[in-house]
Structure formats: structure tokens, C-alpha cells
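What follows is a single structure, written as C-alpha cells, with notes after it.
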Amino acid sequence: MSVLDRLGQKLLFTFDPETAHGLSIAALRCGLPAGVRTVRDIRLKVSLCGLDFPNPLGMAAGYDKNAEVPDALLGLGFGFAEVGTVTPLSQAGNPKPRIFRLTADEAVINRLGFNNEGHAAAERRLAARKGRSGIVGVNIGANKDSADRIGDYERGVTRFAPYASYLTVNISSPNTPGLRNMQAREQLGELLSRVMAARASAAAQPPIFLKIAPDLVEAELEDIAAEVIEKRIDGIIVSNTTISRPPLRSGDVARETGGLSGKPLFERSTTVLAKMRKLLGPGIAIIGVGGVDSAETTLEKIRAGADLVQLYTGMIYAGPALPGRIVAGMARFCEAERLKSIGELRDSHLDRWASKPLS
């Protein structure tokens, strides 16, 4: 981390996490940090689902919930950015405080609960950037009090299909009661059928990804993979935050309820990723997310079966220069290993990760 990044982190860490998050969004909206150098290397390009990604590293959903700064994120070096989660109606989310730093573990616990300004606000911003270059996905969700949660996802597909490079169906947040139940096979089958029908009727047909939780057992992964294959979903994102608590050093704050993200999630999320790659086969796209904070962890996600990789919490602890450093590190790796494409690395550690137990 540079001196500038350390100073910026020290300043932001004087504020509570949610205020610091808002300040970082405001800084990006104002054009800060300026002068970030982006490495462009043809060996890092990934063609997937009809999209050409300049590099495989993306900003995960949860940071830019209201589609305020996707282009500024791309300017930091990300190959793509995912905004949201966006729900049809605006909602305040869960009571504060609801974000907790576990600094000793380089982790975060959040129980935000899909706080966002709703479809209309996000659509207005995305419509204003239509025609610009850069891959921007839209992560869609359901309102907490919705009488028809599947209908909320249908509305998300219809509304954002004209503006999204891809759409993510998020049924894996632990902070909306009952949402993760939609990962069960019967509910999931209905959801995916209706989502795909909504896309077929939409003004545009972007790829659709399904975002799953890391807290699944083998049989549940098998059911999800079967539905994804049967319904011809374009890809899957592995994974959201975890409700489990691996050994942590951060004391009382580690007992807060909510989803855990950051470095402690890497092992579990990467194991689930590899198991899903085994179940889905080589042809279905997978985005790996969870515990990514360096070029090394990014590359290991790819070795475990990911086509693309996302991060969020890692940038809280490493600063806004992190994506640029990771992309530069991947380019150096390709040069050192004489790779023609980063894709040559995929699945090279698949068996090693897929054989790990889901304890």
C-alpha cells in the first residue's frame, strides 16, 4: 500500500464504516483519486457470454448500490463493475449500526439489508451513461416486504435489460429474511424460469448470472447446478458473504450478526467455486468472489475455476490503488510464465480445491 493509500485509509477509519463508505462514493463522484494508471495487456482480455472484458477483475456488487460511480470504478483499473443490489422500491435497510470492521482479520460484517434508492433512481443514472464504453452489470434483488419476490426479479430484468451489460439475480444475501430459501430447488426452478422468460420478452437480452451463498452443502450445490444447466442460465457468481464464523481475532465484534466478507472468506468461497465448476462443466461462466485482496488471490480463483474475479472488502483495507496493482501483477505473471492468455490458467488447481470438504 502506498503512503497516500495509508493516509487515506487512516482518515476514513476515523469515521464509522457506513460514513466512510459514503465519503468514498463522494470522492469517486468528484473525480478522486486522480491520475490512476491502468495497465492494459491483451493477455488479460477475457471474452465471455458475448462480452469482451479488458481484464478479469471486477468490483463486486454492494459497493455502488445506487449506480452512482460505475465509470469512476472502471477508471481505477477494474475490467468491469457491478452495481446494486437494486430493489423495485427504495428501502432503508436494517437499523444502524450495521457495518462492522474486523481490522485484525481484514474482514467486514454487514447486515445492511438491501438498502438502496430503488429501480427508478438507478435506471435514471444508467440511462444517462448509455452508449459509454465499459462493462457494467446490474445486481437485482427483492424488497424485504414484497408480496411477490419472484415478481421483483422479473421487474428488475425488464427494467435494466436495456442498460446492463449483464444482470445478476441475487438470492444469497443473508440480511433479508427468507431470501436464501430461494436457493432451494423448487423455488429456484420457478425463479429462474420466470427470470429467463422476462429476459426473452425484454428490449435487450443481456447475460444472466445467479449469485449464490457460500453456506451450502454438496447436495444443495448439485441442485443449483442442475437448475442452472436446465434453465440455461449464462453463469454463476460464487459467492456472497457467509453467516459462518471461521476462527477470528477481532473479539466481540466478530459476534455481530450479518454476512462476513474479506480475507477469512477466501478458503470457503474458493472451495465452493471449484465444486461448482466440477458440477457445471467447463462451458458455463463463473465469477469468483470472496477474500480477494492481491494478484495472488485473484490468480488462485482463476486456477480454481473462475473465468472472472470480483472484490470489494479487500479495497477497504488496501485502498483504491488495489485494482491497478492487481491488474499489473497479473500482467507481470503472464509475462513471467509466458502465457498468451490469462485463461490458460483456469482450472489448473481445480481438483485440489474441489476435493476440500465443506466443513
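Looking at this structure, is residue 249 more than 18 Å from residue 158 (Cα to Cα), assigned to a loop (DSSP other than H, G, I, E, B) and not β-branched (Val, Ile, Thr)? Yes, satisfied.
Residue 192 passes all but one of (1) part of a helix (DSSP H, G or I); (2) of a type outside the set (Ser, Thr, Tyr); (3) at pLDDT below 95; which number fails? (3) is the only condition that residue 192 fails. Selection of the range 77-135 for residues being within 17 Å of residue 261 (Cβ to Cβ), among the hydroxyl-bearing types (Ser, Thr, Tyr) and touching a Lys or Arg at 6+ places or on another chain (Cβ under 9 Å) yields only 85. The residue list 320, 246, 282 contains one member that is under 28 Å from residue 228 (Cβ atoms), of a type outside the set (Ser, Thr, Tyr) and at pLDDT below 95, which is 246.
Residue check: is residue 156 crowded, with 19+ Cβ neighbours inside 10 Å, touching a residue at least 40 places away in the same chain (Cβ under 8 Å), part of a helix (DSSP H, G or I) and of a type in the set (Gly, Ala, Ser)? Spell out how you get there, then give the answer.
Values: crowded, with 19+ Cβ neighbours inside 10 Å: yes; touching a residue at least 40 places away in the same chain (Cβ under 8 Å): yes; part of a helix (DSSP H, G or I): yes; of a type in the set (Gly, Ala, Ser): yes.
Yes.
In the range 300-310 there is no residue matching the filter, namely being polar (S, T, N, Q), part of a helix (DSSP H, G or I) and either more than 23 Å from residue 63 (Cβ to Cβ) or touching a residue at least 12 places away in the same chain (Cβ under 8 Å) (or both). For the range 303-313, a residue qualifies if it is in contact with a helix residue (DSSP H, G or I) (Cβ under 7 Å, 6 or more places away or on another chain) and surrounded by 24 or more Cβ atoms within 10 Å (Cβ to Cβ), and the qualifying residues are 304, 305, 306, 309. Taken over the range 163-189, the criterion of being farther than 21 Å from residue 229 by Cβ, part of a helix (DSSP H, G or I) and of a type in the set (A, V, I, L, M) is satisfied by 179 alone. Looking across 48, 28, 32, 23, one residue alone is in contact with a strand residue (DSSP E or B) (Cβ under 9 Å, 6 or more places away or on another chain) and at pLDDT 80 or above. It is 48.
Per-residue answers, yes or no, for (1) modelled with pLDDT under 95; (2) within 17 Å of residue 166 (Cβ to Cβ); (3) of a type in the set (Val, Ile, Thr):
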position	(1), (2), (3)
79	no, yes, no
90	no, no, no
99	no, no, yes
104	no, no, no
110	no, no, no
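The residues in the range 329-359 that are in a helix (DSSP H, G or I) and buried (at least 18 other Cβ atoms within 10 Å of the Cβ) can be counted, and the count is 9. Cβ-Cβ distance below 9 Å, separation of 6 or more or different chains: which pairs start in the range 133-145 with a residue that is in a loop (DSSP other than H, G, I, E, B) and surrounded by fewer than 23 Cβ atoms within 10 Å (Cβ to Cβ) and end on one that is among the aliphatic types (A, V, I, L, M) and modelled with pLDDT under 95? That search, which allows pairs on different chains as well, returns 144/179. Would you point out the residue of the range 212-258, among those that are hydroxyl-bearing (Ser, Thr, Tyr) and touching an Asp or Glu at 6+ places or on another chain (Cβ under 8 Å), that is surrounded by the most Cβ atoms within 10 Å (Cβ to Cβ)? Only one residue tops the list, namely 242. May I ask you to verify whether residue 74 is closer than 29 Å to residue 303 by Cβ, over 18 Å from the mean Cα position of the chain (by Cα) and surrounded by 18 or more Cβ atoms within 10 Å (Cβ to Cβ)? It is false that residue 74 is closer than 29 Å to residue 303 by Cβ, over 18 Å from the mean Cα position of the chain (by Cα) and surrounded by 18 or more Cβ atoms within 10 Å (Cβ to Cβ). For residue 268, the stated conditions do not hold, so it cannot be described as in a loop (DSSP other than H, G, I, E, B) and over 18 Å from residue 81 (Cα atoms).
The single residue among 277, 325 that is in a helix (DSSP H, G or I), closer than 13 Å to residue 57 by Cβ, of a type in the set (Lys, Arg) and in contact (Cβ under 8 Å) with a residue 24 or more places away in the chain turns out to be 325.
The values are calculated or read from the model by the stated rules, or taken from the named source; none is laboratory data. These figures come from a predicted structure and were not determined experimentally. Note that each Cβ is placed from the backbone with ideal geometry, even for glycine, and that neighbours are counted across all protein chains shown.
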